[in-house]
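The values are calculated or read from the model by the stated rules, or taken from the named source; none is laboratory data. Source: prediction; values computed, not measured. In this analysis, Cβ positions are derived from the backbone assuming ideal geometry, glycine residues included, and neighbour counts consider all displayed protein chains.
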Amino acid sequence: MSKQVSIVDYLILDESPYLEVNECTSCSARFFDRRNACASCGATDFVRRRISNEGVLTSFSIVHRAAPSVPVPFVSAIVLTEDGTTVRSNVVGLKDPMDVELGMNLILTTYPCGTDDDGKECIAFGYEPI
């Protein structure tokens, strides 16, 4: 029995964790969630593709208010990976969220976000500065 579980199906917990997308075989549109049909072209065939772990910060917001159990402030971001995939995530590993800058180079990282009563650890992902 595994001692870890990823928070989302598209986070692959391997020796070197990575994200996977469902890519339309017709137009190459990419989606993290499961699709019955492509939102771009309507085709119904997809393949799983590993995406690059490195990217650049293209948009962000510093969040100051969240649910009571969520520490603030944190950086909510849009990351454009080296292979052109857009990922919504958080920027983690900053000493101060105010140090965030558009265009900064980032790399995928994982971290524990909770443990259940049986000791199974939930693993989340974010991007940290390179």
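Hey, among ALA37, ALA29, ALA43, which residue is aliphatic (A, V, I, L, M) and loosely packed, with under 14 Cβ neighbours inside 10 Å?
On the way: ALA29 fails: loosely packed, with under 14 Cβ neighbours inside 10 Å; ALA43 fails: loosely packed, with under 14 Cβ neighbours inside 10 Å.
Only one candidate passes the filter, namely ALA37.
Of LEU106, LEU102, which residue is closer than 26 Å to ILE51 by Cα, at pLDDT 95 or above, surrounded by 15 or more Cβ atoms within 10 Å (Cβ to Cβ) and within 18 Å of the chain's Cα centre (by Cα)? Give the steps one after another, and end with the answer.
Values: LEU102 fails: surrounded by 15 or more Cβ atoms within 10 Å (Cβ to Cβ).
Every option except LEU106 fails the conditions.
Residue count for the stretch 59-94 under the criterion of being among the charged types (D, E, K, R) and under 30 Å from LYS3 (Cβ atoms): the result is 1.
Of the residues making up the stretch 51-60, not a single one is farther than 16 Å from VAL8 by Cα, surrounded by 16 or more Cβ atoms within 10 Å (Cβ to Cβ) and without any contact (Cβ under 8 Å) to a residue 24 or more places away in the chain.
Output yes when any residue across the stretch 30-45 is modelled with pLDDT of 95 or more, in a loop (DSSP other than H, G, I, E, B) and within 17 Å of the chain's Cα centre (by Cα), and no when none is. Yes, the stretch 30-45 contains a residue that is modelled with pLDDT of 95 or more, in a loop (DSSP other than H, G, I, E, B) and within 17 Å of the chain's Cα centre (by Cα). Restricted to the stretch 109-127, and to residues there that are farther than 15 Å from LEU57 by Cβ and among the small types (Gly, Ala, Ser), the residue that is nearest to the chain's Cα centre (by Cα) is ALA124.
Sort out which residues of the stretch 92-108 are part of a strand (DSSP E or B) and touching a Gly at 6+ places or on another chain (Cβ under 6 Å), and write them in order of number. Show your work before the answer.
If we filter the stretch 92-108 for residues that are part of a strand (DSSP E or B), which is where we start, we get 105-108.
Selection gives LEU106 alone.
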